[in-house]
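Undergrad: The structure is given below, and queries will be raised subsequently.
The values are calculated or read from the model by the stated rules, or taken from the named source; none is laboratory data. Model, not experiment: these values are computed from the prediction. Don't worry about glycine lacking a Cβ; one is built from the backbone with ideal geometry, like all the others, and counts go over all protein chains shown.
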Number of protein chains: 2
Amino acid sequence: MSAPRPQAEGEAAPAAAPPRHSGELGSTQASHRLLAYSDALLSIIATVMILPVAHTKIHPDQTLGESVQQLLLTKIAVYLMTFLIVTVAWAAHVRLFQVIELIDDVLALLNLACMMIITFLPYTFSLMASFPGVPFGIFMFSTCAIVIGLIQAVIVAYGFYHPYLLNRQIQVSENQAFYKHHILQIILRGPVLCFLAAIFSFFFIPMSYVLLGLVIFLPHITRLIIWCKNKTVGPKDDEESHRLEALAFYLNEPLSKERVEAFSDGVYAIVATLLILDICEDNVPDSKEVKDKFHDRLTEALSEYGPNFLAYFASFVTTGLLWFVHHSLFLYITKTTRFMGLLNTFSLAFIGGLPLAYQLTSEFAEKSHNEIEAIQVSCVITFFASIFQFAIWITALFHERETLHPLARYGGKEHAFMFAKLALYPCVSLGAFFLTCLLSKFSTAIFHIVQIVVPFAFLALRILVRISLAIIKSMLSLSRRKNVVLDEEETCLSPAETLS
Amino acid sequence: MSAPRPQAEGEAAPAAAPPRHSGELGSTQASHRLLAYSDALLSIIATVMILPVAHTKIHPDQTLGESVQQLLLTKIAVYLMTFLIVTVAWAAHVRLFQVIELIDDVLALLNLACMMIITFLPYTFSLMASFPGVPFGIFMFSTCAIVIGLIQAVIVAYGFYHPYLLNRQIQVSENQAFYKHHILQIILRGPVLCFLAAIFSFFFIPMSYVLLGLVIFLPHITRLIIWCKNKTVGPKDDEESHRLEALAFYLNEPLSKERVEAFSDGVYAIVATLLILDICEDNVPDSKEVKDKFHDRLTEALSEYGPNFLAYFASFVTTGLLWFVHHSLFLYITKTTRFMGLLNTFSLAFIGGLPLAYQLTSEFAEKSHNEIEAIQVSCVITFFASIFQFAIWITALFHERETLHPLARYGGKEHAFMFAKLALYPCVSLGAFFLTCLLSKFSTAIFHIVQIVVPFAFLALRILVRISLAIIKSMLSLSRRKNVVLDEEETCLSPAETLS
C-alpha cells in the first residue's frame, strides 16, 4: 500500500519485511508476493486467448460481418469462456487467501500446482470449441477443475491444521469449524458442478454446457436469491443473523481491493504489450523485398506500414487511458462489493478484446468495404469497456458512504471531475459509432488520430471542470460559507461512522 | 508490503489509502499502483521478444547447432538487447520514482507516454537485426531513447516545480538543486549516448553499436571505476564525502526491493503463460484430420501430442520453481545493491529463454539426432538462470549484515536450507548436462519427468536439511548453550546497528 519511501525502507526492512513469526516459526512468510504472482499469472492467462482470435486471417473479399459470425462461434467463445472461468477461479483464490494469511513452503508449492492446472484450462476450451460434439473436452476441463478444487481443499485443510497461518480474526474465533465449512463450500461448489457436467457429457452434452455456464454465474445467482428473499420475507431469525453478521465480511466483500487492482493491472498490461508482438513479427520488411522493390530505401518500405504504426499507437493510448480511468476510479473506491467486481470483470473482458480491434483497423486500413465495420467493432469494444467502468462508479455512488472516499462523493471536490473522466470514453466511442453510421466513408487514419488526441482531452477536461466549478461557485457565493462548513464536516467523517 | 488483512483494510482504507495530501491538494495520489503497472508493462516487454526466437522453425534435417548459430545472429540478439535495454530503462524509472513519491494526473499521463515509447523499442531492434548495415534502425532507436529521456526530464522538472510531490527527505533538504542535477544526470546519460550513436550511424555504424552497448553497461562501469579509485587513491576530501554520504542511498541502493520483486514476478509470470499460447495454437487437432486419420477418436489424436503436454508441464514446473527459489531468496534479502540487481537481470534474461527450451525439447521429442542437443540447450538455460540466483545469494553473504535477514546469515536457522534450495537447480541441470555428454541416447520424456519430480525434491530437502542439522546439533550439544546465546544476540540486532 505504501509508496516506496526508500530511506525508511532501508532501515526498517531487516526487522519488518521477512518472516512475521520468525520467533516461533522460521519458515512462515507473508503471502503478499505469492498473491501478486498469482494475480499476474491469472490475469495473463485470462487475456492471452484473445491472440488466436486476433490472428484469424480474414480474406479481403469476405465481408467482415460474416467473418465475425464465424469467429463468434469458436474463438471468441473460447476467449470469453476462458476469461470468465479464470475470473471465477481468481475470485475463489482471493477468498481462500483472505482466510489464510501467512504461507509456508508447502502452501507456496501447492499454490503453484494449482496455478499450473489453471494455466492449462485455455487448452481444454480450445478442444471444446473445435469438437463441440465430443465429450472429451468437457471431461478434460472438468477433471482440471476438480483437481484445482481438491488442491485448494488441501490448502484449506493444511491452513486449519496450522492455525497460526489463518486470518487473525478466524484464529481467535470460537467457531473455526463454521469458517472452515464455509470456505470449503465456496471452493468446492465449482468442482462439484463440473463433476456433474463430466457425467452428463457422456449422454447429454447440452446439459453439461448449461452446468458449466452455471459455474460462472452461480455465486451471483445465489446472492440474488438471498437478496430477493431478504426483501420479500425479511431477514432471518436472531441467532442465524448473528452468525451471518460474523461472516458478513466474507459474504459482502469477497474481493480485496488490492487484488482487484493487481488483477486489472495485469490485464491492462498484457493487452498493451501484446500489440507490439504483432508489429515485430509482421511489420519488419523483408531485406530481399527492400532490395528488389524499393531499391534499398528502407524508409520507403516502412512507409507502407504507416497505418499499422498509427493503429498501434492509437490502441496503446486507448488501453493506457482506460487504465488511467480505472486507476483514478479505484483511487477513490474504498471497498469492492461483489457486484462491482462483476462489472469490473465485464469491463476487463472487453479490454481484452482491444487487440482484435487493433488487428481489424490496421488490416482494413486501405479503403476497403470493411473499413467502416472495423471501426464500428472498435467503437463497440471501447464503448462497453468504458461503460462498465462507468457502471462501477454508479454502483459505488448508490452506497457511497461505504464504498467511496469523501472527496469523490456527491458534493466532494473530485466528484464532478471523476464523472467527466468516466463519461469521456463512452461519449467519444458512441459519437464515433454514430458518425460511421451517418457517413458512407470514414478513414481509419482519422479514427486513430482521434484516439491519440484523447489524452489531451483529459487535461483539457480538468481545466474545463475547474472553470465551470468556479463559475458555479461564484454564482452560489452567497451561500458559500455554509457549503464550506458542510464540506469539511463530510471530509472529516471517521471511518467507523462511514462504515456503519 | 502488508499481507491483506481484510477487516483492518475495510476500516482503515477510507482514511488511509487515497490522496495523501487530500487536505491541501485534491489530485495528488500515492504512486504505488502506477509503479506496479509500469513494472508489469516493462517486464512483459522485456520478455515477450523471446517469442519470435522460439517460433523460428528448424528443419528436421538441419542440425540444431547450425540453426542456433543462425538464430544467434539475429533473433537472440534482438531478444537480449531488448531485455537489457528495457532493464536499463526500468532501473532509471525506479530511481526517478524514488525521488518523486507522489503523483498527480499530469505525471500519470506523462508516465504512460513514456511507457508507450518503451514498448515500441523492440520494433526498432527488429529493424536493426534485419538491416544491420542501414542506419535507419539505430536512428529510430536513438530517437525513441531521446524522447523517453526528454519525457523523464519533464517529469523531474514538474516534480521539482511542485516540491510536495518529492521524497520527504529531498523536500526538506537544503540542496534540492544538487539532487535535481544528480537525477537528471542519471536519466539523461543514456539519451546523450544514443544521440551520439545516431550521429555516428551515418558515417561509421560499428561505433554506434559500441555506444549502444555502452548504454547498458555504463552505470556499472562508472561504479567499478569509482570503486577502483577509492581502493587505490582512497576516498575523497571531507566536504565532498559528506555530500556523497547524503546521497549515499541513491548511489548504493538504486533499486527498491519491492520493485525488483514486481519486475521479476512479471517476467516469471509471462514466461510461464506464454507456453500455453503455443499449445493452444499448435496442438489442437484439426477436426477433419481426426475424422480421416483417427476415425473420430479424439483421444488417439491427442495422444500424438503427449510429448508436448509433458514438455509444457515440465517447463511450467521449472519456471514456477525458479520463481519459488527467487521468492524464498528475496524473503531474506533486506537490501538490493546495484550488483545484485545486475545479477538478477542476468538470471531473468535466461528465465526468458525458457520458452525456447520448451520449443526445442517438444519439437525434437521423437528420437531425432537433435534430441540430445535440445536437452543440452535446456540444461544450459536452466543452469545459468539458477546459477545467477545463487550468485545473488553469495553476493548478499559478502555483506550479510547489510543485505540479509539474521535468519539467513551464517549460523542462522534458515541458512543451510536456503543454501540447499539455491544449489538444487544448478546441480540438477549440470548433472543432466554431463549425463547427456556421457550417454549417446537420452530421452526427452525422462528429462521432462525429472523436471516435474524436482518439487518433491524441495520438500525432501527440507526434511533432509532438518535431519542433518539435528545430527550436527546433537554432536555439538556440549557447546550448545553458548551457540544459542550468540544466535539470539544476532537476531536481536537493531536495524541501525545492522546498517552501520
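Each row is one residue, and each column tells you yes or no for (1) away from chain A (no Cβ under 14 Å); (2) buried (at least 24 other Cβ atoms within 10 Å of the Cβ); (3) under 20 Å from B:S443 (Cβ atoms); (4) among the polar types (S, T, N, Q).
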{"residue": "B:F339", "(1), (2), (3), (4)": "yes, no, no, no"}
{"residue": "B:F350", "(1), (2), (3), (4)": "yes, no, no, no"}
{"residue": "B:E371", "(1), (2), (3), (4)": "yes, no, yes, no"}
{"residue": "B:S378", "(1), (2), (3), (4)": "yes, yes, yes, yes"}
{"residue": "B:A391", "(1), (2), (3), (4)": "yes, no, no, no"}
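Undergrad: Would you point out which residue out of A:L360, A:L356, A:L343 is in a helix (DSSP H, G or I) and either farther than 23 Å from A:S443 by Cβ or touching a Phe, Trp or Tyr at 6+ places or on another chain (Cβ under 6 Å) (or both)?
TA: Answer to the selection: A:L343.
Undergrad: Further, regarding this structure: Return the residues of segment A:290-317 that are under 19 Å from A:F447 (Cα atoms), assigned to a helix (DSSP H, G or I) and within 11 Å of another protein chain (Cβ to nearest Cβ); say none if nothing qualifies.
TA: Selection gives A:N308, A:F309, A:Y312, A:F313, A:A314, A:S315, A:F316, A:V317.
Undergrad: Whether any residue in segment B:307-327 is modelled with pLDDT under 85 and among the hydroxyl-bearing types (S, T, Y) is what I want to check.
TA: Taking every residue of segment B:307-327 in turn, none turns out to be modelled with pLDDT under 85 and among the hydroxyl-bearing types (S, T, Y).
Undergrad: Looking at segment B:395-402, is at least one residue under 17 Å from B:S429 (Cβ atoms), of a type in the set (G, A, S) and either within 15 Å of the chain's Cα centre (by Cα) or crowded, with 22+ Cβ neighbours inside 10 Å (or both)?
TA: Among the residues of segment B:395-402, not one is under 17 Å from B:S429 (Cβ atoms), of a type in the set (G, A, S) and either within 15 Å of the chain's Cα centre (by Cα) or crowded, with 22+ Cβ neighbours inside 10 Å (or both), which makes the answer no.
Undergrad: Shifting gears a bit: Kindly state which helices (runs of 4 or more DSSP H) lie completely within segment B:15-108 and contain at least 3 residues that are at pLDDT 65 or above, facing another protein chain (nearest Cβ under 9 Å) and under 30 Å from A:L329 (Cα atoms).
TA: It comes to B:32-48, B:77-99.
Undergrad: Of the residues B:T337, B:T361, which is at pLDDT below 90 and closer than 23 Å to B:I216 by Cβ?
TA: Residue meeting the stated conditions: B:T337.
Undergrad: Could you check how many residues of segment A:126-139 are within 9 Å of chain B (Cβ to nearest Cβ), of a type in the set (A, V, I, L, M, F, W, C) and surrounded by fewer than 23 Cβ atoms within 10 Å (Cβ to Cβ)?
TA: Looking only at that region, the number is 4.
Undergrad: Suppose we filter A:E414, A:E490 for residues that are out of contact with any Ser or Thr (no Cβ under 6 Å at 6 or more places or on another chain), at pLDDT below 80 and farther than 25 Å from A:G341 by Cβ; which single one remains?
TA: Of the residues listed, the single one that is out of contact with any Ser or Thr (no Cβ under 6 Å at 6 or more places or on another chain), at pLDDT below 80 and farther than 25 Å from A:G341 by Cβ is A:E490.
Undergrad: Examine segment A:268-289 for a residue that is surrounded by 22 or more Cβ atoms within 10 Å (Cβ to Cβ), more than 8 Å from chain B (Cβ to nearest Cβ), more than 22 Å from B:P52 (Cα to Cα) and touching a residue at least 24 places away in the same chain (Cβ under 8 Å), and state whether such a residue exists.
TA: So far as segment A:268-289 goes, no, none of its residues is surrounded by 22 or more Cβ atoms within 10 Å (Cβ to Cβ), more than 8 Å from chain B (Cβ to nearest Cβ), more than 22 Å from B:P52 (Cα to Cα) and touching a residue at least 24 places away in the same chain (Cβ under 8 Å).
Undergrad: Got a number for residues in segment A:403-436 being assigned to a helix (DSSP H, G or I), in contact (Cβ under 8 Å) with a residue 24 or more places away in the chain and not small (G, A, S)?
TA: 15
Undergrad: Could you say whether any residue in segment B:451-469 is outside any helix (DSSP H, G or I), closer than 22 Å to A:D104 by Cα and modelled with pLDDT of 75 or more?
TA: no
Undergrad: Let me ask you something else. Of all residues in segment B:324-364, count the ones that are closer than 27 Å to B:L459 by Cα, among the aromatic types (F, W, Y) and within 11 Å of the chain's Cα centre (by Cα).
TA: The number of residues fulfilling the criteria is 1.
Undergrad: Identify, from the list B:S429, B:S468, the residue that is more than 12 Å from chain A (Cβ to nearest Cβ) and within 27 Å of B:S347 (Cα to Cα).
TA: B:S429
Undergrad: Also: Can A:K473 be described as among the charged types (D, E, K, R) and modelled with pLDDT of 65 or more?
TA: yes
Undergrad: Still on this structure, I have one more. Look at B:P191 and say whether it is at pLDDT below 80 and buried (at least 17 other Cβ atoms within 10 Å of the Cβ).
TA: When the stated conditions are applied, B:P191 does not pass them.
Undergrad: Restricting to segment A:393-410, name every residue that is within 14 Å of chain B (Cβ to nearest Cβ) and either out of contact with any helix residue (DSSP H, G or I) (no Cβ under 7 Å at 6 or more places or on another chain) or among the charged types (D, E, K, R) (or both).
TA: A:H399, A:E400, A:R401, A:E402, A:R409
Undergrad: Yes or no: B:V147 in contact with a Cys (Cβ under 9 Å, 6 or more places away or on another chain) and either closer than 23 Å to B:F217 by Cβ or not hydrophobic (A, V, I, L, M, F, W, C) (or both)?
TA: Yes, satisfied.
Undergrad: Can you give me the number of residues within segment B:161-184 that are of a type outside the set (S, T, N, Q), buried (at least 17 other Cβ atoms within 10 Å of the Cβ) and not in a helix (DSSP H, G or I)?
TA: Residues in segment B:161-184 being of a type outside the set (S, T, N, Q), buried (at least 17 other Cβ atoms within 10 Å of the Cβ) and not in a helix (DSSP H, G or I): 1 in total.
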